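Q: Before we start, here is the structure in question, set down as structure tokens.
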Amino acid sequence: MARVSQEHLDARRRQILDGAASCFARNGFHATSMQDVLKEADLSAGAVYRYFRGKDELIAAIATEVLDTVREIFQGAALESPPPTPEILIPRTLAQMRERRPVMSDDGEWMFPRLMIQVWSETTRSPELAAVLGEGYRNVRMAWGRMVESYKDAGLMDADADADATARALIALVQGFAVQMALFGETSERTLADGLRALMTVRPAGCGC
């Protein structure tokens with residue numbers, strides 16, 4: 001029997017995860033059955049269960065991939081000179097996620113933000129998923145922390161700025177934007193960039209700078 005290549009295995013795993021992501025984003029985690037995933041991925045039960053034992057493993061794998069991708073993007077950005085500021089980096093990251101995770105509905109809506117809400121919601125119920133998401137969140141926060149340090153090194157931010165607090169605030173901003181997209185419809189990355197650019201012009205009252 002011919003050996004199956006790693007490339008084939010990776011492609012099959014991608015096929016399963018993309019199918020599951022589409023189902024979860026469209027119908028919700030609990031309303032999606034494994035039979036729905038099989039149908040969406042166009043694979044047999046044996047082919048899918050070879051990789052994942054059930055929905056919990058699928059959603060954990062999806063969350064891990066997403067957070068790893070975001071972390072990699074930020075790590076690369078921290079090496080740029082000068083480092084891209086938030087009004088450039090955050091919209092660019094969302095655009096890259098749109099390319100890498102093009103989960104779409106029938107009408108062309110980008111369903112990825114809705115998928116993320118499903119992941120966050122399920123995290124409150126599943127200690128196992130909470131552990132996975134917690135580790136991924138810490139890694140992303142550390143990557144943002146390195147971005148903040150690169151801003152300091154480039155003279156773009158006060159040297160005494162709290163890197164972790166800044167990272168948490170920036171993550172919260174992205175999460176809030178994703179919620180808006182999921183609940184109220186499509187909003188472009190340009191809108192986020194314009195808003196961030198405006199916020200970065202705010203000066204303390206009485207500041208003469």
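The values are calculated or read from the model by the stated rules, or taken from the named source; none is laboratory data. Predicted, not measured: the structure shown is a model, and the values here were computed from it. FYI the Cβ positions are ideal-geometry reconstructions off the backbone, even for glycines, and counts take in every protein chain you see. Ligands, DNA and RNA are excluded from the accessible area calculation, which covers all protein heavy atoms including side chains. Shrake-Rupley method; radii C 1.70, N 1.55, O 1.52, S 1.80 Å.
Q: What's the magnitude of the charge dipole for the stretch 102-195 around its Cα centre, counting Lys and Arg as +1 and Asp and Glu as -1 at the beta-carbon? Answer in Debye, nearest 20.
A: 200
Q: With r defined as the distance between the Cβ atoms of R125 and A205 and R0 fixed at 41 Å, what FRET efficiency is calculated, to the nearest 0.05?
A: Values: r = 45 Å, r/R0 = 1.09.
Between R125 and A205 the formula returns 0.40.
Q: While we're looking at this one, here's another question. Using the Karplus equation 6.51 cos²θ - 1.76 cosθ + 1.60 (θ = phi - 60°), what ³J(HN,Hα) coupling, rounded to whole Hz, does each residue of the stretch 74-90 give in order, writing x for Gly and Pro?
A: 5, 4, x, 5, 5, 8, 6, 9, x, x, x, 6, x, 5, 9, 5, 5
Q: Could you list which residues have their amide H under 5 Å from that of M157, counting only those 5 or more apart in sequence or on another chain, with H placed in the peptide plane?
A: The list, which skips near neighbours in sequence, is K152.
Q: Which ³J(HN,Hα) values in Hz, rounded to whole numbers, follow from the phi angles of the stretch 129-137 under the Karplus curve 6.51 cos²θ - 1.76 cosθ + 1.60, where θ = phi - 60° and Gly and Pro get x?
A: 5, 4, 5, 4, 5, x, 5, x, 4
Q: What does the charge dipole of the stretch 53-114 about its Cα centre add up to, to the nearest 20 debye, if the Cβ of each Lys and Arg holds +1 and the Cβ of each Asp and Glu holds -1?
A: Details: 8 positive and 11 negative charges, 20 e Å.
The dipole of the stretch 53-114 has a size of about 100 debye.
Q: Enter the Cα centre distance for the pair the stretch 137-158 and the stretch 37-51, rounded to the nearest angstrom.
A: Cα centroid of the stretch 137-158 versus Cα centroid of the stretch 37-51: 41 Å apart.
Q: If you find the alpha carbon centre of the stretch 162-178 and of the stretch 52-105, how far apart are they in angstrom?
A: Value for the Cα centre distance between the two parts: 15 Å.
Q: What accessible area per residue, rounded to a whole number of Å², is obtained for the chain using a probe radius of 1.4 Å? Kindly include the intermediate steps, with their values, before the conclusion.
A: Values: 11700 Å² over 209 residues.
Heavy-atom accessible area per residue stands at 56 Å².
Q: Counting Lys +1, Arg +1, Asp -1, Glu -1, what net charge surrounds F112 among other residues with beta carbon under 13 Å of its beta carbon?
A: Cβ neighbours under 13 Å give a net charge of -1.
Q: Choose one answer from D18, D68, D162: the residue with the largest mean-square fluctuation in a GNM of the chain with alpha-carbon springs under 10 Å.
A: D162
Q: Let me make sure I get this right: for the stretch 1-60, a, b and c are the square roots of the gyration tensor eigenvalues over alpha carbons, sorted descending. Under 1.5 in a/c it's rounded, otherwise prolate if a/b > b/c, else oblate. Which is it?
A: Note, shape of the stretch 1-60 comes out prolate.
Q: Accessible area of the stretch 1-104 with a 1.4 Å probe: how many percent of it is carbon plus sulfur? Provide the component values of the computation, followed by the final result.
A: On the way: 2850 of 5560 Å².
For the stretch 1-104, the apolar C and S fraction of the accessible surface comes to 51 percent.
Q: Can you work out the Karplus-derived ³J(HN,Hα) for every residue in the stretch 170-182? Use 6.51 cos²θ - 1.76 cosθ + 1.60 with θ = phi - 60°, whole Hz, and x for glycine or proline.
A: 5, 5, 4, 5, 5, 4, x, 5, 4, 5, 4, 5, 6
Q: Right, something else. Residues with amide H under 5 Å of V103's amide H, sequence separation 5 or more or different chain, H placed in the peptide plane at 1.01 Å from N; which?
A: M111, F112
Q: When the helices in the chain are scored as -39500 (n - 2.57) per DSSP H run of 4 or longer and the sum is shared across all residues, what 222 nm value do you end up with, to the nearest 500 deg cm²/dmol?
A: -23000 deg cm²/dmol
Q: Based on the inverse mean of 1/r over its pairs of different Cα atoms, what is the Kirkwood hydrodynamic radius of the chain, in Å?
A: After inverting the pairwise mean of 1/r, the radius is 18.8 Å.
Q: Running a GNM on the chain with Cα contacts under 10 Å, which residue among A169, A182, A60 ends up with the highest mean-square fluctuation?
A: Result: A169 has the largest fluctuation of those listed.
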